[in-house]
Structures are given as structure tokens and as C-alpha cells.
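**Q** Before I ask anything, here is the structure I am working with.
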There are 2 protein chains.
Amino acid sequence: DRPSATPTEEMNGAGNLMDFLDEPIPDVGTYEDFHTIDWLREKSRDTDRHRKVKLQYVSVLLILKAIMRLYTFLCLYIFSNSGTLAGVIDLAVDWMTDLKEGVCLSAFWYSHEQCCWTSNETTFADRDKCPQWQKWAELMTGYNEGAGAYLLNYFLYVMWALFFSFLAVSLVRVFAPYACGSGIPEIKTILSGFIIRGYLGKWTLLIKTVTLVLAVSSGLSLGKEGPLVHVACCCGNLFCSLFSKYSKNEGKRREVLSAAAAAGVSVAFGAPIGGVLFSLEEVSYYFPLKTLWRSFFAALVAAFTLRSINPFGNNRLVLFYVEYHTPWYMAELVPFILLGVFGGLWGTLFIRGNIAWCRRRKTTQLGKYPVLEVIAVTGITAILAFPNPYTRRSTSELISELFNDCGALESSQLCDYINNPNMSRPEDDIPDRPAGPGVYMALWQLALALIFKIVITIFTFGMKIPSGLFIPSMAVGAIAGRIVGIAVEQMAYHHHDWIIFKNWCRPGADCVTPGLYAMVGAAACLGGVTRMTVSLVVIMFELTGGLEYIVPLMAAAVTSKWVADAFGKEGIYEAHIRLNGYPYLDQDEFTHRTLATDVMRPRRNEPPLSVLTQDSTTVEDVEMLIKETDYNGFPVVMSRESERLIGFVQRRDLILAIKTARQKQDGVVSNSVVYFTEDAPQIPASNPQPLKLRRILNLSPFTVTDHTPMETVVDIFRKLGLRQCLVTRSGRLLGIITKKDVLRHMAQMMNQDPESIMFN
Amino acid sequence: DRPSATPTEEMNGAGNLMDFLDEPIPDVGTYEDFHTIDWLREKSRDTDRHRKVKLQYVSVLLILKAIMRLYTFLCLYIFSNSGTLAGVIDLAVDWMTDLKEGVCLSAFWYSHEQCCWTSNETTFADRDKCPQWQKWAELMTGYNEGAGAYLLNYFLYVMWALFFSFLAVSLVRVFAPYACGSGIPEIKTILSGFIIRGYLGKWTLLIKTVTLVLAVSSGLSLGKEGPLVHVACCCGNLFCSLFSKYSKNEGKRREVLSAAAAAGVSVAFGAPIGGVLFSLEEVSYYFPLKTLWRSFFAALVAAFTLRSINPFGNNRLVLFYVEYHTPWYMAELVPFILLGVFGGLWGTLFIRGNIAWCRRRKTTQLGKYPVLEVIAVTGITAILAFPNPYTRRSTSELISELFNDCGALESSQLCDYINNPNMSRPEDDIPDRPAGPGVYMALWQLALALIFKIVITIFTFGMKIPSGLFIPSMAVGAIAGRIVGIAVEQMAYHHHDWIIFKNWCRPGADCVTPGLYAMVGAAACLGGVTRMTVSLVVIMFELTGGLEYIVPLMAAAVTSKWVADAFGKEGIYEAHIRLNGYPYLDQDEFTHRTLATDVMRPRRNEPPLSVLTQDSTTVEDVEMLIKETDYNGFPVVMSRESERLIGFVQRRDLILAIKTARQKQDGVVSNSVVYFTEDAPQIPASNPQPLKLRRILNLSPFTVTDHTPMETVVDIFRKLGLRQCLVTRSGRLLGIITKKDVLRHMAQMMNQDPESIMFN
């Protein structure tokens, strides 16, 4: 009877997506696990909530205040949690990594660095050595030199590593299977509108935090940056559960999660703007402007919380703070671009190798013994890593050393240059010098470390422990970059009469900074694996703090992306999403010229679409339909003859409504007629009481015509976040396209197995 | 005969948005001036183009290469143009601003600074004075002191200002009326999908560049930052016209324009990341990820081009480079937040005052004398500005001085502190000192300058000359901030035993930096006017280069936005968009509970919808319909009785098709039947030859049901960029909703005059 209502009534109420329930059926409008959410519906429900809140408060000012309070609290919560957690993780990792080698006698909970910093007997030049810090062999046998001590240290190093990794994988297996991996593929999928219950739960948060520390400390070739994003999202989700605004609306929840992801990257690298752009470019799917501001706020405060904990001990926000003293020169773009090519090739190799190995794990016996696999990989890693000083230490320390410019006071082997005896005092701006034996030794060790890292990382990522690949990728790039950098530097020193060096590299000048090459290499390799562009450059820019080096970074990032894209469009996260068959609709353009009619169900030879009629189906028919099919919803038509579409009803809502009606409403029996119209149909009095279900009917289902290009359909699914879409021709219902159909079709168009899309 | 086609045929071709034309009708698919574009159609057309390109090249590699080449060229072109132009503008403005006061005798084309830098006789302490630079009075009469010389200088200053502004307004009037204003409201509208021909044309570019220099040099209270965005977009558009890929597709064109806008802000402030975020937050409407990368690239290279021209003479990328030596303290957040409140109030006052004045200009006689208005405002500005040293100089110089910390060598009046006689040598870290008479004098002058700027800016913005409001807004904030900063500083010096100062401000310490207050004030005022948040903070962060001061900036920006939002949701750009009645659908959420049926045309008492039938309308009927109505398109239905929707045809395409058919196709006369079906209808042989128009029929018009909430409809219009949407109920066509209807409805819901939406 809508047409008879006055215009005012129409404006203010009545016709929302679902009619208001006289008595709300519990759980109507929620989702089951592994289902796709309907963004439009979530958005509409949020407006309903707002309207109700408005009715309660009346005053606009009060609402504004309430929103602001919530808003502030949200930000406060997320950052403090993820920032604090990140700080605790950093401190724990430091301590446990050092525990593999020795212990601090004055206070066993001190890491090597803290132990020696607090000691009075440490001199600046020899700040790594102090009597309080003892290696295991020294502590147990009294000797620190000799083969026996070396072997004992070696043995204990491997044992500790095995112990840590065993503990990590056992905890993951027993308490929280979702805590494994980097979590970014799953978070991308969740943010695109998919339900994975428990993935962002309390247990996952707790176990991931603990096992992340164990996994990183065990010396495996993995990083903590990706998992930190997962941890931050868990914090965000935990926060959501405090407020019905966020916990009851899957759309609102995802806005908070986007901000949390930004905070995660922000604390991982100390790069708040980079974090926001990472969330925008790589993780988020639906990124409205207000999320931008929230993300920025969350990222900043997370970064500042982290700094106040000061886990890096350098009062800096960033993980790898570097300061270079010389600019770069145009001619250096050639090696930078070569590093970009290397990064692209590494990205391709890594993605292909890793995906092949993960597929083998899924399909063969290998997948049945995850604990054994982790133990084996840890054993191999520890045994191969110990002899080489560059792999023995933690990967972030390695990267930090590779990034650094050789100052005058640097004691590292990499800085063993032959000094000019005429040089009187140490300066910041040291001219290029010939490499000493330490540097050549370091080069060999770095080359071995490079091969080791490349191979072992492929097998490590994807095991049943928390593992990120930012740090291993950066390590590979940094090693390659440093090697190239030293080569260019020595070439420039020995051949500064060559044409290419003549213009910018006079003798006695400091013209090549090998640390910069390491940084460019790291960016290239990270870009090749993840296909980040802007966020990558901005993160790296925030590490150095100068616009100076953006051009080299950009050149490398672009080259790396182009090279990697030439071998395959997907980054590692998309590849894992596809491997796991998540229903993720990526942002790439769909350019095939198929039509909606080619994709919709039913196909030509299939039985007709399962539909309900608006006033002639019985409860029994509906129950039969529910039993026989597993569709997520059914279109409601005027009659089977006219095929005119009235609306769409969700399977879950239908089941709940009938169950509730059978329990509470008298007279509803199996042959009661179900009707979706405003008024009950004319039925004889002898028939049982009919059941009105208009309240669960979506009166505005989304439709397209059969001639609509699939390109447009994909665009609509992506932008509006639809779950399904009905196909009509001149008003007649022809079929239905679900998100799964779209994904299947896209896989088919790319010559992939359409059945690899597992969920719906 | 589609159903009989084999599946392969269906997949590969045939049914795109418009059937392929046997013989393309010229101009079909283009838009008229002041019309809204249809994003979905543009996107689909781009895919058609890609497909054709693919057919030509065959090899995927070749296409990749071609795309890359285009892509590189695009970026190269945009930056070099907008970066170079910005550099030239900066240099010209410097010279002409100084020309108002005097001339360089050694080379008249040198600005004051350049003149004295090149002179040998300049000492560092007195670097503003050199014999080569002569004021007009000195040059003409030989005297530089005394009332006569002062009056002569005063007179010539006013005359030059009047001359420059007269020239500017005349050029705009005669050659390019679109060159006036800041251009950002119009660019926002264009990017949201609207056609304003000539707005980004060659003439506009040329005249805007020239008149921008004149307007800024005339000393009016306006800036060049907003117009630089317009200039950059003109460059981008010019670039588009070189490639059919961009010039023929309005959607692709807008992607380039978004990147160009980022480059514009990037060169205006030397803040590439801030530019990208500005484009994302404030200007762009449709911002896919690849636009992010392009914008970043364009912004960066524009910034580097600008730096290589080095117009600021400081080898810095940024306009106002500052370096502070002391951190800020928690207690200072109170004055920062107060500055935020001031910024919000200023924003409200400015927007209300300026809009009221602009409305008066539109509706009264005032609007008929734009030249006179500009002359009058310039005269008043120049007469009032000359006596006050802080208003006489250019606004950017003023801001630069206000931002700066008082170093030991600073000669400015603002740094006239009483030095401690014990202080032996100038250091960077100067403790707080009592203010000298110069500072008190400066405070009075600044207070007067503040009032003057506040009032005059309201009347200046919106006149018929290029005018931006970034710089005047920042000036207002910087003056207020510096005054507050000096007050806090002196309070801290004289009362460092007060509780609030006790903890952080011991005697002899440098605890308050008035320059930082100026910067925070500038950010607050700019935020109040434009309602930028993230981009504002990032731009300011890039000015200082340290994360250190982000918290004060953020506190001020958020406070300012909240205070301003409390008085009215719209920023200055949205307010001007509404004032001018542009069809801009903003990103705010629509929360009213109306339905599609309340908004659609025809309303209840109106005549029925003008439709075409698929096979029973004659050419004459169509021509009559076109003549009698001014709708942009007509739905095509199966028959008037069934009202089943077949498709939608654009008015423009219909006119062109009939015109072409009448000229070229024999037998088409007024009573020929027009048909949109695949096969010609069965008509007697005596009837004239029918005209097939299926090729211009859009077979996939967008439909929603009459029960769809307007919230969802607004969302669909916004996200998919629709031009119109048809409303159906159970398969029957009920009505149509155009973008204009949506905008009218939104205005009505906000209690505004719905007829203020002028265009469609």
C-alpha cells in the first residue's frame, strides 16, 4: 500500500532495504563463516543504526560529541596496542636472538647490546665485548677459543634454534592454526569483504605475537613486518568488538581494519606516511577518505608509541636509520637500474619457486608433517648460517650494516679500507679508498650469504609459523646492492680516468656510497616480490629522510616492477590468494569482451534457476528448496510464467525466519503458503494460516541486463562490493551472477583452472 | 540472432555497449559542453580501443612497449611543463614585485635580491642594500629620505599595482574569461565527470600564466598555489590532446588530469608526497591505483624540474624551508589547539563572508563592473599596504620571515631581542631572551596586518583575476601564530617559576620557538578554509622535513577542522561549487531515508515519461520528441503497453544518426519506421524503408528498483559515475533519475534551494 502513503511518510521511513521487523529475528543479517559480505547492505544497515541513534539523542551536538569520543578512543586504542606490542616484540627478539650465542651474567634478561652498554668496562672502540657477556662455551668450559669451544657454540646455536622453532610450530598447531604465515593475503581477502571467523581473534593475536618472537629468534630466514600487520589488525578487530557500531557491521569493521593495517606497517618500519600508502596501495580494498585520515592518525600514534618504548635504542623512529654524505650522480643510474632488473628477476624466481613449493606442500604428503618440516628447515638454516658471520646474526642487523656508510669510526669488516697515511683526522666525508683484505673477505662471505638466503627463503615462506618476507627480500637486495656498490666504488677508485668516471669522480673525492646501493637493491627486491611502488619508495624515503635519493629508489622500483610484471602480473600476496582459492576480486582491469549472459547461471543446458514465487510457494516447498540446493539466496518472482523479478531473499535469513515462525507463530505448518507481498493472498479459509516474509525480502536486488559487458559487471562487483547480481532481459529474470561466478570466469579467461576458486 | 551464435563468437565480440558501426557516425559518443560524462561508457570505450590496438599489434610485448613509451612521455611532458612554468612564474613574480619599489641599475631584469647578490659591494650583514638597486624616488629625484621621497615611492607603488591589476583583469576579460579565480572548484567538477570546454585550453593556460604573475605582483592579497594547479591541469590537458587514447576518452583524460593536479601542488610547495595526497584527498574524484603511481611520478619530476630552475635561490625544493633547534613540549599543545580554534573560526568567517560577497556580486549591479572592482580593491590594498612593512612586501616573504627561528645573525625587526651581555659568541641554540623595542613595534604592525589581511582577502578571492587562497590563509595564520608564539615566549621568560613552565623551561634555556607557532597557525588557518587534513599535515611536514613537529600540526589541523565543521560542513571549494551550481556529487554520506521512487521523474502529477518503442516509432515522431523535449536521452521499451525496458539511447547520438541517415541513406523519409531490434519489423512493402538504429542503442542501461533507498542510488551514481539511471518495478519501466535529479534531491534534503543546480 505504499502508493497511498503521503509523500512525507515515504520520505521518512518505511522502505529501507529490509522492512523493519516487528520483532527482530535473531541473527538475521549476519554472515556465516567463509562467506562474502554485501557492502551495500552493510552500508544501509549502518544508516539504519545512525537513524536510531539520532532518534534516541535528538540533539545533533550530542551525536557529534559521541562520534568524536568513539573516534578518539578508536585511534588511541589501536596505536597504543600495536605500537606497544611491536616494542615488546622487538625487545624480546633481541634478547632471544642473542640467547642462541650466550648470556648476560649481570642480568640474564639483557640482550648482548644492553648487557655491554650497562657495563662500565666497555670501551667505545670495543663496545661489543664486555666481561658480563659470555658465550655458552666460555660459560660452560671456561674457554672461548679453539675448535672445541667453536663446536660447542655451534651445537648450542643449532639446538636453541631448533628449540625455538619447535616451540613456535607446536604453539601454532595446537592453539591457533591461523597464526601461521604473513597474514597479508588473508587480510587483503577479509578487507575485500569475506568472512574468516577467528582469523583476527584474541587467540590468534596472542599466539602470533609469541610465536613471531620465537620464529624470528630461531634464525629462520623470515621477518616480522608482515605478521606485525596481522597483529595490528587483530588489535583493531579486538577494538571493534568493544563497540556495537563496529562489531555488528562488517563494513564499518573493515574501515577500522584498514587503519590498523596502516598502523602495523608504520610500527614495522617507523614510516607513518609509508604505512598509510601501503594500506592504500597494497592491503585495502575499500578506502574512503575518512579512512585515510584515520589511518594516518593510527599510523602516527603507533609510530610515536613505538618510539617512546625505543626498542632500537637509537631514539629514532625508523628501523634502519641512515645518513649519507654524498649525493648520487647521473651515471650511477645504470647500476641502480641493473639492481632493479635483479630485483625483478629475484621477485619472479621467488614467487614461482615459493608457489611451486607451497602447491607441492598442499598436494603431497609433505603437508601432513608441518612440525617436521619446520624442524628440518630450521636445522638446515642454523647449520649453514652459523659459519658465516653475515648469516649468523639477525637479518635486520645484517641489513642495517649493509645500508650504513663507512664512517671513520666503523669497526666492521666491510669498512676495512686501506687508509691514506696522509689523512690526519677522521672526517665525515672520507674519500674513496682501496679495499683492504677484510672487504674482499666480506665480499666472498656476502656472495655465499646471498645464495643461501635466496634458496632458503623460498622454502621458508609459507611454513606453519608466522613469517614475513619483507626482511628476507630486503636482505637479498641489500647484499646484492652492497656487492655492486663496492665493485663500482673500487672501479671508480682504480680507474678514475675512464670516461664515465671522469666527470664526477676525481681522485680524493668521495663519489660512491656502497650503502646507498644496498638500499636501492633492497627496494628493488622488495618491489619485485610485492609489486609495491609508491608506498615502497615512500617507506624508503622515510628511512633516509631526504628527497635526495628518491630518484634512484624510484628508478629501481619501477624497473623491478616492470621486469617482474613481464614474467607474471601477480605479486606474492595475490599469488598466495589464488593458491588458497580466496574469493578476492583484484583491482586489475578486466578487458575481455564477454557479456553477462555468458557468465550467468543457469547455463544453456542446466536446469532453470531456483526461484520463489511471491504468493504461491508453501513452507514445505521452501524447505525442500533449501535442502536440495546450496545457493546462498533465491530470487523472488511474480509468477513462474511472467518471470518478473520482485526481490531477493537470503538463504540464511529464510532458514532463520521459517525456524522462528515454526516455533513461535501458531498455525504455520508445512503447507502454509509463504507470501512476500504486502497483503496476504486470497486463499480459502480451510487452508492453514499463511506466513508473511516480506520483512526478509530485499526489494532492491541489483540487476543488469544480459547484454551488459562483463567488464562493467566486474567493475560493479568491485566498486559496490556486491555478493550477487541478477540478470534480466527486458524485465524478465534470466539468471544470476555471484562473486564466485565472476572469479571463476576471470580465472577461465586467464587460462587458469576455474575450480581453484574454493569459497563463495 | 544472438542466441543462435556459437559460444566462442559470443565471447569474442558482437555485444559491446554499442554495436559496432558499419560506418562510424562522426561524433557519436562525444559530449556537449556543460554535460555530464558517463564513466561506465567511457571505460567500455577504452576497452574497445585496447582491443582494436591489440588486433593491430598482435604481439603482447609490442603493446607493452607502446604503453610504456606513452606512459614515460606523459610523465615527462607534464612535469617539465608545469615545473618549468612554475619556475618562470616565480622568477617573474619576484622581479615584478620588486619593480613596484625600485629598479636594478646594472640589469633591469634583476629582482632586488638578484641585483644585490651579483653586486660586489654587498656585505653579508647588509645584504639588502646595494648601490645598484635604487628606489624610484632615488632614481628620479636623487633623494631617498624625507617625506617627498616617501610620498613619491608611495605614489609609484600604488600606480604600479593599479597598472598590473588593470592589465591582468583586462587580459582575462578579453582573452580568457575562464582564467579567473583559483580554478580548483571547476577542476574538482571536471574531474568528477563534467564537460567545460575551453576551461583547460591553450588560451586559458597562456592567459592564466601571464595574469597570475601580474595579479600576484600587484600586491593583492592572493596566492599563486591554487592557480598553479589549474595551470598544471591545462598542461595535462594539452598533453592529452596529443594522443587519441586520452583526447577521445573523457575517462582516461581525467586520470591524466588527476596526476597533473598532484604535480601542480607539488611545484607550488615543493612537496611531492603532499601533492599526491592533495590530489587524492581534495581534488580527485575517481582515483584508481595506477593514478596514484602516475601522480607520484608526475609530482616528483615536477618538483625536481622546479629545483633545477632554483627560483627560490636556496637550492631547496620547498617554498618555506625552516629548521628549528628545539623540540616542543606537551604544555605547548594548549596554545597550538587555541591556534586551531582560531583557524577554524577564520575559516568559517572567510567562507561565509566570501560566499556572501560573491553572491552579491552575482546578483547585483556589482558583477557588471569587474574591471572597476579589481581596480578599486587593488587601490585600497596598495594604499593600506604600503605604510606597513609587513604588508608592503610580498606575502610569501612575510610568511617566510614569520616561520623562521631567530638565529644569531638575523637582522629582522622581529628578532630584536635584548642580548645577554655575557653571551660571547653566536650559537644556533640561543636561549630565550626578553623582547626588545623592535619586537614590540613588530607586534603592533603584525596586529594591524592581521586585521587588514583578514578583511581584504574576503573581498579579493573571487574577483575576475587568477587568485589562490593558500598563501593569504597561511599569512593570516602565520601572523596570529607568531603573535601567540612571542607572547608565550615572553611569558615563559618572565615567569619561568609558574607551574606550567617549571618543568621544561629553566632560565637560560631555549624553550619556545615562535616560528613554530607561526607554522602551526598557518596550517590551522589553511585547514579551516580548505578542510584538508592529511595532505595539509604532509605538506607542512615536507616543509620542515622532520617528523618531530607532526603532532602539533595534527592537533591544530584537527581542531581547526572540527571547529570549522561545527559551523558548516563545506570547505571553500565546495561552497564555490554550490554557489556556481556545478553538478558535483560530493563524497559525504547521504543518510536520508528516501527511496528511488521519491526522486525519479515523472512525479505523480506529471505527464508520463518520454519513451521510444523498439519498432513502432517513425522518424517524424522521433524528431518531434527531440524538438519538444530537452532530455539528454530516451528509454526504449518493447511497447507502450508492456513497458518492458530494452535499452537507452542518447539524444545527441539520435540526432546525429538521423541526420546522417537522412543525408546518406536513400529511402529514409519522415514516416520511415525507426527500429532498435536485430531484425527489421514486418511492414508492408508500400511503406518507406525503415531505419535501423540498434547501433546507437545502449543495451545495458543501468536500472534500480523503485524500492531502492536513495542512499544506495547516490552511492551507485558516485562510485560508477553514472549520468542517468532507470527505475523499474517488477520489470516495468517506471521512471528515470538523472544526476541532476540526485543533486536537486540532495539540496532539498539539506533545506537548500534545489533550483540552484544549474547544469545537467
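The values are calculated or read from the model by the stated rules, or taken from the named source; none is laboratory data. Being a predicted model, the structure only gives us computed values, none of them experimental. Virtual Cβ from ideal backbone geometry, glycine too; neighbours counted across all protein chains shown. The accessibility values were calculated without ligands, DNA or RNA, using every heavy atom of the protein model including side chains. Shrake-Rupley method; radii C 1.70, N 1.55, O 1.52, S 1.80 Å.
**Q** Pick from segment A:192-207 the residues that are assigned to a loop (DSSP other than H, G, I, E, B) and of a type outside the set (Gly, Ala, Ser): which of them is surrounded by the most Cβ atoms within 10 Å (Cβ to Cβ)?
**A** Ranking the qualifying residues of segment A:192-207, first place goes to A:LEU200.
**Q** Being in contact (Cβ under 8 Å) with a residue 60 or more places away in the chain and either touching an Asp or Glu at 6+ places or on another chain (Cβ under 7 Å) or more than 14 Å from B:ASP565 (Cβ to Cβ) (or both) is the filter here, so list the residues in segment B:331-345 that pass it.
**A** B:ALA331, B:GLU332, B:LEU333, B:PRO335, B:PHE336, B:ILE337, B:LEU338, B:LEU339, B:PHE342 - these are the residues of segment B:331-345 that are in contact (Cβ under 8 Å) with a residue 60 or more places away in the chain and either touching an Asp or Glu at 6+ places or on another chain (Cβ under 7 Å) or more than 14 Å from B:ASP565 (Cβ to Cβ) (or both).
**Q** Same structure, new question: Just to confirm my filter: which helices (runs of 4 or more DSSP H) fall fully inside segment A:550-601 and include at least 2 residues that are under 30 Å from B:ASN698 (Cα atoms) and modelled with pLDDT of 85 or more?
**A** Filter on segment A:550-601 gives A:596-599.
**Q** Please indicate, with yes or no, whether at least one residue in segment B:142-158 is free of Cβ contacts under 8 Å to residues at least 24 places away in the same chain and among the polar types (S, T, N, Q).
**A** yes
**Q** With the requirement that a residue be under 23 Å from A:GLY379 (Cβ atoms) and open to solvent by less than 10 Å² (accessible area, probe 1.4 Å), what does segment A:223-238 give you?
**A** Answer for segment A:223-238, where residues must be under 23 Å from A:GLY379 (Cβ atoms) and open to solvent by less than 10 Å² (accessible area, probe 1.4 Å): A:GLY223, A:PRO227.
**Q** Has segment B:555-571 got any residue that is away from chain A (no Cβ under 14 Å) and over 30 Å from B:THR513 (Cβ atoms)?
**A** Scanning segment B:555-571, I find at least one residue that is away from chain A (no Cβ under 14 Å) and over 30 Å from B:THR513 (Cβ atoms), so the answer is yes.
**Q** Report yes if B:VAL512 is surrounded by 20 or more Cβ atoms within 10 Å (Cβ to Cβ), within 14 Å of chain A (Cβ to nearest Cβ) and in contact (Cβ under 8 Å) with a residue 24 or more places away in the chain, otherwise no.
**A** When the stated conditions are applied, B:VAL512 does not pass them.
**Q** Something else now. A:TYR246 passes all but one of (1) away from chain B (no Cβ under 14 Å); (2) under 13 Å from the mean Cα position of the chain (by Cα); (3) farther than 18 Å from A:MET463 by Cβ; which number fails?
**A** It is condition (2) that A:TYR246 fails.
**Q** Identify, from the list A:ASP653, A:ASP615, the residue that is more than 10 Å from every other protein chain (Cβ to nearest Cβ), in a loop (DSSP other than H, G, I, E, B) and not hydrophobic (A, V, I, L, M, F, W, C).
**A** From the options A:ASP653, A:ASP615, the qualifying one is A:ASP615.
**Q** Shifting gears a bit: Can we say A:LEU212 is surrounded by fewer than 24 Cβ atoms within 10 Å (Cβ to Cβ) and either at positive phi or within 16 Å of the chain's Cα centre (by Cα) (or both)?
**A** So A:LEU212 fails the test.
**Q** Could you list, ordered by first residue, the pairs with Cβ atoms under 6 Å in which the first is in segment B:482-498 and more than 20 Å from B:SER400 (Cα to Cα) and the second is part of a helix (DSSP H, G or I) and open to solvent by less than 50 Å² (accessible area, probe 1.4 Å), at least 6 apart or interchain?
**A** B:VAL488/B:PRO335; B:ALA492/B:PHE501
**Q** Moving on to the next point. Quick check, is B:GLY353 assigned to a helix (DSSP H, G or I) and surrounded by 17 or more Cβ atoms within 10 Å (Cβ to Cβ)?
**A** No.
**Q** In segment A:618-641, is there at least one residue being outside any loop (DSSP other than H, G, I, E, B), crowded, with 19+ Cβ neighbours inside 10 Å, of a type in the set (S, T, N, Q) and more than 9 Å from chain B (Cβ to nearest Cβ)?
**A** No: segment A:618-641 contains no residue that is outside any loop (DSSP other than H, G, I, E, B), crowded, with 19+ Cβ neighbours inside 10 Å, of a type in the set (S, T, N, Q) and more than 9 Å from chain B (Cβ to nearest Cβ).
**Q** Could you count how many residues in segment B:591-610 are out of contact with any His (no Cβ under 9 Å at 6 or more places or on another chain) and either surrounded by fewer than 22 Cβ atoms within 10 Å (Cβ to Cβ) or away from chain A (no Cβ under 13 Å) (or both)?
**A** Residues flagged as out of contact with any His (no Cβ under 9 Å at 6 or more places or on another chain) and either surrounded by fewer than 22 Cβ atoms within 10 Å (Cβ to Cβ) or away from chain A (no Cβ under 13 Å) (or both) within segment B:591-610 amount to 11.
**Q** A further question on this structure: Evaluate segment A:662-673: report whether one residue or more is under 26 Å from A:GLU643 (Cβ atoms) and either small (Gly, Ala, Ser) or crowded, with 22+ Cβ neighbours inside 10 Å (or both).
**A** yes
**Q** Report, by residue number, each residue of segment B:113-122 that is at pLDDT below 75 and open to solvent by less than 80 Å² (accessible area, probe 1.4 Å).
**A** B:THR118, B:SER119, B:THR122
**Q** Out of all the residues in segment B:691-743, which are closer than 23 Å to B:ASP621 by Cβ, assigned to a loop (DSSP other than H, G, I, E, B) and over 34 Å from the mean Cα position of the chain (by Cα)?
**A** Scanning segment B:691-743 gives B:LEU693, B:LEU699.
**Q** Could you say which residue among A:ARG254, A:ARG294 is open to solvent by less than 30 Å² (accessible area, probe 1.4 Å), assigned to a helix (DSSP H, G or I), closer than 21 Å to A:ILE196 by Cβ and not small (Gly, Ala, Ser)?
**A** A:ARG254
**Q** Can you pull out every residue in segment B:716-739 that is closer than 24 Å to B:TYR285 by Cα, at the interface with chain A (Cβ under 7 Å from one of its Cβ atoms) and open to solvent by less than 20 Å² (accessible area, probe 1.4 Å)?
**A** Correct list: B:ILE716, B:LEU720.
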